[in-house]
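K.L.:
Quick one: this structure, given as structure tokens, is what I'll be asking you about.
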Amino acid sequence: MKTIGIYIWPNMTSLDVLGPQQFFGYVPEFDVVTVAKTKDPVVTDTKITILPDHDFSTCPPIDVLLVGGGVDPSAQMQDDAVMSWVRDTGHAAQFVTSTCTGALILAEAGLLEGYRVTTHWAYTRQLASYPGVELADDRVVADRNRITCVGVTAAIDFAFVLIAQLAGPDVAAALQLMGQYDPQPPTPFGNPNHAPAELVDAVQAQLEEMSPGLTEFLAAKH
């Protein structure tokens, strides 16, 4: 059995972790638990309420740490208790993983130095500001025991990559088919390299406006 510990936090993007959790939950060899700073209900950015299985004091030993992201993870990055738990748990885990801006939380905890990693396209500059972090362009980036992915929907791709590594490619393929994961989006604009420049700029500006805490924190830090 592998225990996968999913760290959840207020105002995070639920799909970052609920997508992977859905498929992890189908793997008999996985014990999937959610962990938060306290056992109080966690309300996500779209007002979904998640009741964590554990707080830091009751969390069992974790083989795979997964940290999801959100528009502004700066409150987590400035919380000493969170950083201490993420750091200690990551050092003890077999795999340290993130989706979207969860990579910034891992970087702040010092867990990505010396690794190739990625994050949501609008936050790559911030991630690159951490010493020893090497940015990669792939949708999912696996470097030794660190696995990171780009924004939100890539969390499902990430899930299949991890399942293939831990349970085998046949298991990952079967779950992909069972979930009918065959994306055919209505536009080709899911990647900034394929989107009109004005759309990229507008979305970038919107995300920056929604994350003033992150901008201020990293400006003061670096």
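The values are calculated or read from the model by the stated rules, or taken from the named source; none is laboratory data. These numbers were taken from a predicted model, which means no experiment stands behind them. Cβ coordinates were reconstructed from backbone atoms using ideal geometry, including for glycine residues, and neighbour counts include every protein chain displayed.
K.L.:
Which of the residues belonging to region 15-34 are closer than 19 Å to Gln76 by Cα and in contact (Cβ under 8 Å) with a residue 40 or more places away in the chain?
P.N.:
Correct list: Leu15, Asp16, Val17.
K.L.:
Taking region 103-145 as the search range and keeping residues that are touching a Pro at 6+ places or on another chain (Cβ under 7 Å) and either in contact (Cβ under 8 Å) with a residue 24 or more places away in the chain or part of a strand (DSSP E or B) (or both), which one is farthest from Gly70 (Cα to Cα)?
P.N.:
Trp121
K.L.:
Of all residues in region 191-219, which are under 20 Å from Gln78 (Cα atoms), surrounded by 11 or more Cβ atoms within 10 Å (Cβ to Cβ) and among the small types (Gly, Ala, Ser)?
P.N.:
If the condition is that a residue be under 20 Å from Gln78 (Cα atoms), surrounded by 11 or more Cβ atoms within 10 Å (Cβ to Cβ) and among the small types (Gly, Ala, Ser), then Ser211, Gly213 are the ones that fit.
K.L.:
Please work out if Glu134 is modelled with pLDDT of 95 or more, of a type in the set (D, E, K, R), over 21 Å from Leu18 (Cβ atoms) and in contact with a strand residue (DSSP E or B) (Cβ under 9 Å, 6 or more places away or on another chain).
P.N.:
The answer is yes for Glu134.
K.L.:
Within region 186-221, how many residues are in contact (Cβ under 8 Å) with a residue 24 or more places away in the chain, closer than 21 Å to Asp137 by Cβ and in a loop (DSSP other than H, G, I, E, B)?
P.N.:
3
K.L.:
Which condition does Gln94 not pass, out of (1) farther than 18 Å from Asp31 by Cα; (2) touching an Asp or Glu at 6+ places or on another chain (Cβ under 7 Å), if it passes all the others?
P.N.:
(1)
K.L.:
Filter region 132-173 down to the residues that are out of contact with any Phe, Trp or Tyr (no Cβ under 8 Å at 6 or more places or on another chain) and basic (Lys, Arg) and list them by number.
P.N.:
Arg139
Conditions tested, residue by residue: (1) more than 17 Å from the chain's Cα centre (by Cα); (2) in a loop (DSSP other than H, G, I, E, B); (3) among the β-branched types (Val, Ile, Thr).
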site: Pro20; (1), (2), (3): no, no, no
site: Val27; (1), (2), (3): yes, yes, yes
site: Val32; (1), (2), (3): no, no, yes
site: Ser57; (1), (2), (3): yes, yes, no
site: Ile62; (1), (2), (3): no, yes, yes
site: Leu65; (1), (2), (3): no, no, no
site: Gly69; (1), (2), (3): no, yes, no
site: Ala81; (1), (2), (3): yes, no, no
site: Asp88; (1), (2), (3): yes, no, no
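K.L.:
If you check Pro10 against the conditions, is it out of contact with any Gly (no Cβ under 8 Å at 6 or more places or on another chain), closer than 30 Å to Gln206 by Cα, in contact (Cβ under 8 Å) with a residue 12 or more places away in the chain and assigned to a loop (DSSP other than H, G, I, E, B)?
P.N.:
When the stated conditions are applied, Pro10 passes them.
K.L.:
How do the pairs read when you match residues in region 60-73 that are farther than 11 Å from Asp45 by Cα and in contact (Cβ under 8 Å) with a residue 24 or more places away in the chain with residues anywhere that are in a loop (DSSP other than H, G, I, E, B) and among the polar types (S, T, N, Q), using Cβ under 7 Å and keeping only pairs 6 or more apart or on different chains?
P.N.:
Asp63/Gln94; Val64/Gln94; Gly68/Thr13; Pro73/Thr101
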